[in-house]
Amino acid sequence: MNKIKKRKVCVVTSSRADYGLLRLLMKEIKNTPSLNLQIIATGSHFLSEFGMTYKEIEGDGFTIDSKVEIDFNSDSSEGISESMGNGLIKFSKAISYLLPDLIIVLGDRYEIFSLVSAAHVARIPIAHIHGGETTEGSMDEAFRHSITKMSHLHFVATDTYKKRVLQLGEQTNRVFNVGGLGVDSIKCLKFLNQVELEKVIDFKFGDKNLLITFHPATLDINPTHEQLKELLDALRLLTKTKIIFTLPNADKDSLIIIKMIKEFVSKNDNTKAFSSLGQLLYLSCMKIVDGVIGNSSSALLEAPTLKKGAINIGDRQRGRIQATSVINCKPKKESICRALEELYSSKFIFELQEVTSPYGSGGASKEIVQIIESYNLKNIQKKKFNDL
């Protein structure tokens, strides 16, 4: 009897953020008999200042088939462009070595854009997760839609995002609304309780607690460091609040954010900063704190499922679908302070109990695996433009 050939499915992860979302999907692929999981790790996974998070992937029992280390010499525009160029060269070699039948990518980062460009030239089919979304305050917006046009299967998080992918001309039978992967993670993880978490992260929570993640606002008129200064000035007023910072990913202007946060933490003993908490610790923190503050997508994608309020600062996430648990404010001290008052108001806290996530109720990982396991990939690179 002829042995059935397994479909080689290569998952690409470039940061702690996308790995947290992809982790459960990777397990599903690994445990599916007809699929052979391959992993390419790249980007900030190999940078010491961002936590060397490739170790987390290996610690979860995965084998990284190709470690593509992209030089990150600076967070300037020139430095990022140089990293993209280096990535394109190294990704093409990794793809030639692994020869996957399908590559799975998530999101909108520049490393992923370089990888998909190499795969497109190599005529390897791409499955893109979380396409169709908008982040008007970030240059990643253009990367995301460009990745969509080079991809062949699309797994989106809402019907609105599905319509946007179709608006870009993709074919109806290749776009699937599976919900958000972050919801899957929350539903499947066993969280640490407060005592366990305090011991692991060596930090004592108080009566009030906040989780802060602030990324570069790469397209905003107001410089990133000025926006962060406004946030830190607002946080200085919270003398009876414990604050946990998670540092940004490797982006333009990320190093100045890291420097400013570390200086702030050194002068405020009610705070602590982490290069990377990992998915379990991060979501366990989110479950315990009173709210999430900053401009990270997790405030919109994960926090509603945990019924946690979030203060979304500035325009970085403008355009994403939001639950009623999200409070939007300007990157100004006064506006942030007003948002904090609302976050702790009895009316807002009461209404949080009725919040539902717009990103579904879970099951995205299993649905994606079912589709990629059986979808006919023959001639899939040939795409017909869908005229709406």
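Please treat every number below as a calculation from the coordinates, not as lab data. Worth saying up front: this structure is predicted, and the values here are computed from it rather than measured. Reconstructed Cβ throughout: ideal geometry from the backbone, glycine too, with neighbour counts over all protein chains shown.
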- request: Pairs of Cα atoms under 8 Å, at least six residues apart: use those to get the relative contact order of the range 120-219, whole percent.
  value: 27
- request: Enter the Cα centre distance for the pair the range 143-178 and the range 1-52, rounded to the nearest angstrom.
  value: 21
statement: Of the listed pairs 8/366; 229/307; 187/378; 162/366, those with alpha carbons more than 23 Å apart are 229/307; 187/378
- prompt: In percent, what relative contact order does the range 3-109 have, based on Cα pairs under 8 Å that are 6 or more apart in sequence?
  reply: 34
query: So if R0 is 30 Å, what FRET efficiency would residue 267 and residue 190 give, r being the distance between their Cβ atoms, rounded to the nearest 0.05?
result: 0.25
statement: One computes Rg over Rh for the range 191-352 from alpha-carbon atoms, with the Kirkwood Rh, and obtains 0.92
statement: Treating only Lys and Arg (+1) and Asp and Glu (-1) as charged, each at its beta carbon, one finds that the range 191-352 has a dipole about its Cα centre, in Debye to the nearest 20, of 80
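Report the relative contact order of the chain, percent, no decimals, based on alpha-carbon pairs under 8 angstrom and at least 6 residues apart.
With pairs under 8 Å counted, the relative contact order is 18 percent.
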- request: Set the Förster radius R0 to 22 Å, insert the Cβ-Cβ distance between residue 202 and residue 55 as r into 1/(1 + (r/R0)^6), and round the FRET efficiency to 0.05.
  value: 0.70
- prompt: Between residue 97 and residue 63, what is the label-to-label distance in nm when each label sits 7 Å out along the Cα-to-Cβ direction?
  reply: 1.4
- line: Site residue 348, offset 7 angstrom along Cα→Cβ, radius 12 Å on amide nitrogen, limited to the range 254-286, gives none
message: Please compute the length gained on full extension between residue 237 and residue 385, using 0.36 nm multiplied by the number of residues separating them and subtracting their Cα-Cα distance.
response: 47.9 nm
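Would you calculate, for the chain, the mean residue ellipticity at 222 nm contributed by helices, counting each DSSP H stretch of 4 or more residues as -39,500 (n - 2.57) and dividing by all residues, to the nearest 500?
-12500 deg cm²/dmol
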